[in-house]
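Peer 1: What follows is a structure written as structure tokens; I'll ask about it next.
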Amino acid sequence: MQPLNICTAQLNYHTGNFEHNTAKIISAIQQAQAQHCDLIIFSELCVCGYPPRDFLEFADFIEKSQHAVREIASHCTTIAAIVGAPSVNPVLEGKDLFNSAYFLYNGNVQQVVHKSLLPNYDIFDEYRYFEPNHEFNCIEFKGYKLAVTICEDLWNVDDNPMYRQSPMEQLKLQEPHIMINIAASPYSQKQLESRNEVMLKNVVRYEMPLLYVNMTGAQTHLIFDGGSMAINAGAEVIDRHNHFEEDTGYYQLHGRQLSVLQNHSPYTVLAPMEQIRLALITGIREYFHKQGFKQCIIGLSGGIDSALVTALAVQALGHKQVKVVLLPSEFSSHHSITDSIDMINRLDIEHTTMSIADAYASVEKALAPEFKHTEFGIAEENIQSRLRGLLLMAMSNKFGYILLNTSNKSELAVGYGTLYGDMCGGLSVIGDLYKTQVYELARHINTLNNCIPESILTKEPSAELRPNQKDSDSLPPYEVLDKILYAYIEERKSPREIMKLTSDEALVRRVLKMVNTNEWKRLQAPPVLRVSTKAFGPGRRMPIVAKYLN
């Protein structure tokens, strides 16, 4: 049996952009061919991009995908390729499509393998579109049997399996030489560790090597870290692709022995905060690049949230593409202005100052007949926030800036934000970071580039919408609040379980009530870049009108 030279391609795709994706795949095929590879492997649904969602309901979209597969196949003459794309289900019963891996060789489609386990939880809703596979066959190529699976197909290895079947249990009966898993696995703070554990479990159970190929880049709120890897039959990770970047790997399979054929750039182990920093930078950059946006605008308040978003935006887009606006009012502290100017100078970014004092006075005057005999309160505070949102959105409309939202997860959770005010924006950058994580990430960034003034990191948080206002006037300390929120949102713990974290039962009930009653606000928030296992958005679908824990 002659050795098989294999290339794995960890690439960044653009959903629906068939020309771009096809050209990128063909280019990688040609490069692998020049390296005398027999086979090149791409990621799940790479031809159409992941996730395609309701584009899959358009016949034209499927036709374009199939045309792209045929075009890619025409370049697979002396080299074979495995590419991911939807395929049509010829059987009348069931869903119209499969999520498939196409095996291309000799200029044609030689075999199609369908995904069996269709995730239908958190951000995933594949069973909405695809029919699960029930037929299992290895791909035979040059004397080798390849057990090809698609993402979730290898995740049913725990003691409490989610699905009633395991594709590899069927495929192992054919005595394959290697497992190949093509994936579109989004990043989260726990995913890298979980993914590594799952892949190793498969290798140990089936006693054969594994090539895992994931995509990188981002698609709206979903960020893909890549993290493709090669594991030999002895359950040793012999190679990894770097996270959040395009990369290729070259390997040789001889019997069931997998080895590295060519060394590439050394793998970098990322600390947790560095993972999050790179993920958010990737999310911003990809959102702008793939939508054709160039410049962003941010309301810089002198607080930690807007400072962190500004720092991330500069790292993602470059300092010339970032404009900040200072929007002081009569309640803005002097240090909020000076701290903002300090940061602006450190980052060398464009800025302007627009006081909202006169606009606020005009609105107050207009509302005076209705508001007479009432005290200053939330309505007046929200007017200020909405005036700031109005000015920022006006600049966005006039000059084509995309407004970056600066709300954090703690604020979004309890409704500590103003619709059409500070909740405005085209993209929520830190909406999946609790306030305590915001500080942690900001301090991490300062170890790399001391761009956030220490005074911003140490001042007490305040919305500055009334005299001497502090967040602590309305909310418990963030160290306490975030523990309650994490237990409820990520861990889905009950009130009784959460009350074990604190002796203040009334506080727990108040916080949980704030979370539940502000779902309507979050539904109107911009898309949130996902870095946790349970982000606000499509992965957390709560009813707006409901009574639970209230």
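The values are calculated or read from the model by the stated rules, or taken from the named source; none is laboratory data. For clarity, every value in this text was computed on a predicted model and none was experimentally measured. Every residue, glycine among them, receives a Cβ derived from its backbone with ideal geometry; neighbour counts consider all protein chains shown.
Peer 1: For N21, work out the one condition from (1) loosely packed, with under 15 Cβ neighbours inside 10 Å; (2) under 25 Å from A230 (Cα atoms); (3) out of contact with any strand residue (DSSP E or B) (no Cβ under 9 Å at 6 or more places or on another chain) it doesn't fulfil.
Peer 2: Condition (1) is where N21 drops out.
Peer 1: Here's another thing I want to ask about it. Hey, does the range 171-178 have a residue that's within 23 Å of T216 (Cβ to Cβ) and in contact with a Gly (Cβ under 8 Å, 6 or more places away or on another chain)?
Peer 2: Scanning the range 171-178, I find no residue that is within 23 Å of T216 (Cβ to Cβ) and in contact with a Gly (Cβ under 8 Å, 6 or more places away or on another chain), so the answer is no.
Peer 1: Could you run through the range 470-489 and say how many residues are in contact with a helix residue (DSSP H, G or I) (Cβ under 8 Å, 6 or more places away or on another chain), in contact (Cβ under 8 Å) with a residue 24 or more places away in the chain and surrounded by 13 or more Cβ atoms within 10 Å (Cβ to Cβ)?
Peer 2: Matching residues across the range 470-489 total 11.
Peer 1: Then there's this: Can you list residue pairs whose Cβ atoms sit under 8 Å apart, with the first residue in the range 383-396 being in contact (Cβ under 8 Å) with a residue 12 or more places away in the chain and the second being of a type outside the set (A, V, I, L, M) and assigned to a helix (DSSP H, G or I)? Count only pairs 6 or more apart in sequence or on different chains.
Peer 2: Between residues of the range 383-396 that are in contact (Cβ under 8 Å) with a residue 12 or more places away in the chain and residues that are of a type outside the set (A, V, I, L, M) and assigned to a helix (DSSP H, G or I), the close pairs are I383/Y360; I383/E364; Q384/Y360; L387/Y360.
Peer 1: Turning to a different aspect of this structure: List the helices (runs of 4 or more DSSP H) that sit entirely inside the range 262-355 and contain at least 1 residues that are outside the structural domain of I238 (by TED's automatic domain parsing) and closer than 30 Å to H20 by Cβ.
Peer 2: The qualifying helices (runs of 4 or more DSSP H) are 272-291, 304-317.
Peer 1: State yes or no: is A183 crowded, with 23+ Cβ neighbours inside 10 Å, assigned by TED's automatic domain parsing to the domain that holds C48, in contact with a Ser or Thr (Cβ under 8 Å, 6 or more places away or on another chain) and touching a residue at least 12 places away in the same chain (Cβ under 8 Å)?
Peer 2: Yes; evaluated as a whole, the condition is true for this residue.
Peer 1: If you don't mind, another one. G249 versus (1) touching a residue at least 60 places away in the same chain (Cβ under 8 Å); (2) crowded, with 24+ Cβ neighbours inside 10 Å; (3) part of a helix (DSSP H, G or I): which is the lone unmet condition?
Peer 2: (3)
Peer 1: Quick one: in the range 522-535, which of the residues that are in a loop (DSSP other than H, G, I, E, B) and in contact with a Gly (Cβ under 6 Å, 6 or more places away or on another chain) is farthest from A218 (Cα to Cα)?
Peer 2: P526
Peer 1: With the structure loaded, tell me whether Y486 is modelled with pLDDT of 95 or more, aromatic (F, W, Y) and over 22 Å from A316 (Cα atoms) or whether it fails that test.
Peer 2: Judged against the criteria, Y486 is a match.
Peer 1: May I ask you to verify whether A394 is more than 27 Å from the chain's Cα centre (by Cα), modelled with pLDDT of 95 or more, surrounded by fewer than 21 Cβ atoms within 10 Å (Cβ to Cβ) and not charged (D, E, K, R)?
Peer 2: It is true that A394 is more than 27 Å from the chain's Cα centre (by Cα), modelled with pLDDT of 95 or more, surrounded by fewer than 21 Cβ atoms within 10 Å (Cβ to Cβ) and not charged (D, E, K, R).
Peer 1: Go through L327, L308, L312, L317 for me and flag whichever is more than 21 Å from the chain's Cα centre (by Cα), within 22 Å of M393 (Cβ to Cβ) and not β-branched (V, I, T).
Peer 2: Within the list L327, L308, L312, L317, the selection yields L327.
Peer 1: Ok, one more. Listed residues M499, M542, M514; which is among the aliphatic types (A, V, I, L, M), out of contact with any Asp or Glu (no Cβ under 7 Å at 6 or more places or on another chain) and not assigned by TED's automatic domain parsing to the domain that holds H221?
Peer 2: None of the others qualify; the one that does is M514.
Peer 1: Taking the options L441, L427, name whichever one is in contact (Cβ under 8 Å) with a residue 60 or more places away in the chain and closer than 23 Å to K294 by Cβ.
Peer 2: Of L441, L427, the one residue that is in contact (Cβ under 8 Å) with a residue 60 or more places away in the chain and closer than 23 Å to K294 by Cβ is L427.
Peer 1: Out of curiosity, is I72 in contact with a Leu (Cβ under 9 Å, 6 or more places away or on another chain), of a type outside the set (D, E, K, R) and surrounded by 22 or more Cβ atoms within 10 Å (Cβ to Cβ)?
Peer 2: Against the criterion (in contact with a Leu (Cβ under 9 Å, 6 or more places away or on another chain), of a type outside the set (D, E, K, R) and surrounded by 22 or more Cβ atoms within 10 Å (Cβ to Cβ)), I72 qualifies.
Peer 1: Does A147 fit the bill of being out of contact with any Ser or Thr (no Cβ under 8 Å at 6 or more places or on another chain) and crowded, with 16+ Cβ neighbours inside 10 Å?
Peer 2: When the stated conditions are applied, A147 passes them.
Peer 1: With respect to A28, is the statement that it is among the hydrophobic types (A, V, I, L, M, F, W, C), closer than 20 Å to A218 by Cβ, surrounded by fewer than 24 Cβ atoms within 10 Å (Cβ to Cβ) and touching a Leu at 6+ places or on another chain (Cβ under 8 Å) true?
Peer 2: Yes.
Peer 1: What's the number of the only condition in (1) surrounded by 15 or more Cβ atoms within 10 Å (Cβ to Cβ); (2) at pLDDT below 95 that A535 fails to meet?
Peer 2: Here A535 clears every test but (2).
Peer 1: Within the range 316-342, can you find the residues that are more than 22 Å from A359 (Cα to Cα) and either touching a Phe, Trp or Tyr at 6+ places or on another chain (Cβ under 6 Å) or free of Cβ contacts under 8 Å to residues at least 40 places away in the same chain (or both)?
Peer 2: A316, L317, G318, H319, K320, Q321, V322, T338, I341
Peer 1: If K513 satisfies all but one of (1) within 22 Å of N382 (Cα to Cα); (2) touching a Phe, Trp or Tyr at 6+ places or on another chain (Cβ under 9 Å), what's the number of the condition it fails?
Peer 2: K513 satisfies all of (1) within 22 Å of N382 (Cα to Cα); (2) touching a Phe, Trp or Tyr at 6+ places or on another chain (Cβ under 9 Å) except (2).
Peer 1: Within the range 112-122, identify whether any single residue is in the same structural domain as A9 (by TED's automatic domain parsing), surrounded by fewer than 23 Cβ atoms within 10 Å (Cβ to Cβ) and farther than 30 Å from R540 by Cβ, and answer yes or no.
Peer 2: Looking for residues that are in the same structural domain as A9 (by TED's automatic domain parsing), surrounded by fewer than 23 Cβ atoms within 10 Å (Cβ to Cβ) and farther than 30 Å from R540 by Cβ, one finds at least one in the range 112-122, hence yes.
Peer 1: Can you spot a residue in the range 245-254 that is over 12 Å from the mean Cα position of the chain (by Cα), modelled with pLDDT of 95 or more and polar (S, T, N, Q)?
Peer 2: The first filter runs over the range 245-254 and keeps only residues over 12 Å from the mean Cα position of the chain (by Cα), leaving 245-254.
This time we only want the ones that are modelled with pLDDT of 95 or more, so: 245-254.
Within this subset, residues satisfying the condition of being polar (S, T, N, Q) are 248, 252.
Yes, the range 245-254 contains a residue that is over 12 Å from the mean Cα position of the chain (by Cα), modelled with pLDDT of 95 or more and polar (S, T, N, Q).
Peer 1: Can you report the number of residues in the range 176-218 which are under 26 Å from F141 (Cβ atoms) and small (G, A, S)?
Peer 2: 3
Peer 1: Return the residues of the range 32-63 that are surrounded by 18 or more Cβ atoms within 10 Å (Cβ to Cβ) and farther than 30 Å from L253 by Cβ; say none if nothing qualifies.
Peer 2: Passing the criteria: P51, P52, F55, L56, I62.
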